[in-house]
Amino acid sequence: MAEKGYFVWYELMTTDMAAAEAFYRKVVGWDAEDAGMPDVGMAYTLFSAGAGPVAGLMVLPEEAKAMGTPPCWTGYIGVPNVDEAAKTIVAKGGKVYREPTDIPGIGRFAVVADPYGAAFCIFTPLPGQDWGPSEPAAAGYIGWHELYAGDGQKAFDFYCEMFGWESSSDFDMGPMGTYKIFKIGDRDFGGIMTKPAEMPVPAWNFYINVPAIDAAITRISEGGGAIVNGPMEVPGGSWIVQATDPQGAFFSLVAPIR
């Protein structure tokens, strides 16, 4: 099953799979292997950390390129029924970019957007499969989920209504507005804010856990990536950096120490 409301999978769509694989192996320390899904009709690589797979890697589809989508990371939120969830998202003012589709032997997914423009995926696994939340603190897993929203407050309300998220706390960022932290159950899971004006479109951003930020920044630079923001200490004492990989996909890292 997929626990409703949790991000259960992450995926990088890129223009150069081999180069992206080499970069994230170096920067994050992921292992990578072919997914072995010939029925899907395309190459798909699994990134793994610790006990198992964390994320997928695929070529940016032609239909996405035609829409002007650059290389990017996306997240999959678990729902009990993809078809019903897609209808609800549309009813709430969102969009469906790819209608619910079967992944042979895996489950069913759809590509959607919230009513304020941020794209994400929804996913229902086949019966008997366990797609729970990732390890929030383990190296190589996703430690934080952040939405740069078209409208922070309205987007926050949408996700809470849609997926059962709850408000944990608000953080005043001054001129940048309010950073609204959401929780699932008793765990803080991420934050939502209105996107800054210089950001071209609303988007989700995912923070990958690494042991130390400065060493990871060196690996990003050596691997051909670029630092966009940071390093910066955040409330709670963790350190973050935001960056782009060599193909231009935006991603972030978080570590307990600098």
Keeping every protein chain in place, order Met199, Met232 by accessible area at 1.4 Å, biggest value first, i.e. largest first. Met232, Met199
Neighbour net charge for Ile181 - beta-carbon separation under 14 angstrom, K R +1, D E -1: -3
For Met42 and Arg98, FRET efficiency with R0 = 22 Å and r from the beta-carbon atoms, rounded to 0.05? 0.95
Can you compute the FRET efficiency between Ala35 and Ala91 using 1/(1 + (r/R0)^6), with r the Cβ-Cβ distance and R0 = 45 Å? Round to the nearest 0.05. 0.85
Only Cα pairs under 8 Å and at least 6 apart count here; give the relative contact order of the stretch 1-99 as a rounded whole percent. 38 percent
Using only the heavy atoms of the protein chains and a 1.4 Å probe, how would Ser168, Ser221 rank by accessible area, largest first? Ser221, Ser168
Where the accessible area of the chain is counted over protein heavy atoms with a 1.4 Å probe, how much of it, in %, is carbon and sulfur? 54 percent
For every helix of n ≥ 4 consecutive DSSP H residues, a contribution of -39,500 (n - 2.57) applies; sum these over the chain, divide by its total residues, and give [θ] at 222 nm rounded to the nearest 500 deg cm²/dmol. -5500 deg cm²/dmol
For the chain, what does the relative contact order come out to in percent, with C-alpha contacts under 8 Å and a separation of six or more? 19 percent
Tell me, what is the Rg over Rh of the stretch 9-52, with Rh the Kirkwood radius over Cα pairs? 0.95
13 Å beta-carbon shell around Glu233, net charge (K/R +1, D/E -1): 0
At 7 Å along the Cα-to-beta-carbon direction for both Ile227 and Thr15, put a label point, then send me their distance in nm to one decimal. 2.5 nm
Please go through the residue pairs Lys4/Lys65; Lys26/Lys183; Lys65/Lys92; Lys92/Lys195; Lys4/Lys180; Lys87/Lys183 and name each one whose alpha carbons sit more than 23 Å apart in this structure. Lys4/Lys65; Lys26/Lys183; Lys65/Lys92; Lys87/Lys183
Could you please report the charge total around Ala255, scoring K, R as +1 and D, E as -1 over all other residues with beta-carbon less than 13 angstrom from its beta-carbon? 0
Between Asp83 and Ala197, Cβ-based FRET efficiency (R0 41 Å, step 0.05) works out to 0.65
Under a 1.4 Å probe, what is the accessible area of the chain per residue, stated in Å²? 45 Å²
Could you tell me how far the Cα centroid of the stretch 166-188 sits from the Cα centroid of the stretch 209-258, in Å? 22 Å
Quick check on the stretch 111-258: what are the equivalent-ellipsoid semi-axes from the Cα gyration tensor, as sqrt(5λ), descending, whole Å? 24, 20, 17
Short version: ³J(HN,Hα) in whole Hz for each residue of the stretch 66-83, in order, from phi by Karplus 6.51 cos²θ - 1.76 cosθ + 1.60 (θ = phi - 60°), x for Gly and Pro, what are they? 4, 8, x, 6, x, x, 7, 9, 9, x, 10, 9, x, 9, x, 8, 4, 4
Find how much the distance from Ala137 to Ala51 grows on full extension, using 0.36 nm per residue of separation minus their present alpha carbon separation; answer in nm with one decimal. 29.6 nm
What list of ³J(HN,Hα) values in whole Hz, one per residue of the stretch 12-20 in order, does the Karplus curve 6.51 cos²θ - 1.76 cosθ + 1.60 (θ = phi - 60°) give from phi, with Gly and Pro shown as x? 9, 9, 9, 9, 8, 4, 5, 5, 5
Mean projected area in nm² (Cα convex hull; one quarter of hull surface) for the stretch 57-121: 4.8 nm²
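The values are calculated or read from the model by the stated rules, or taken from the named source; none is laboratory data. Bear in mind the structure is a predicted one, so any value in this text is a computation, not a measurement. Because the Cβ atoms are built from the backbone with ideal geometry, glycine has one as well, and the counts that use them run over all protein chains shown. SASA here: full protein model, heavy atoms, side chains in, ligands and nucleic acids out. Shrake-Rupley method; radii C 1.70, N 1.55, O 1.52, S 1.80 Å.
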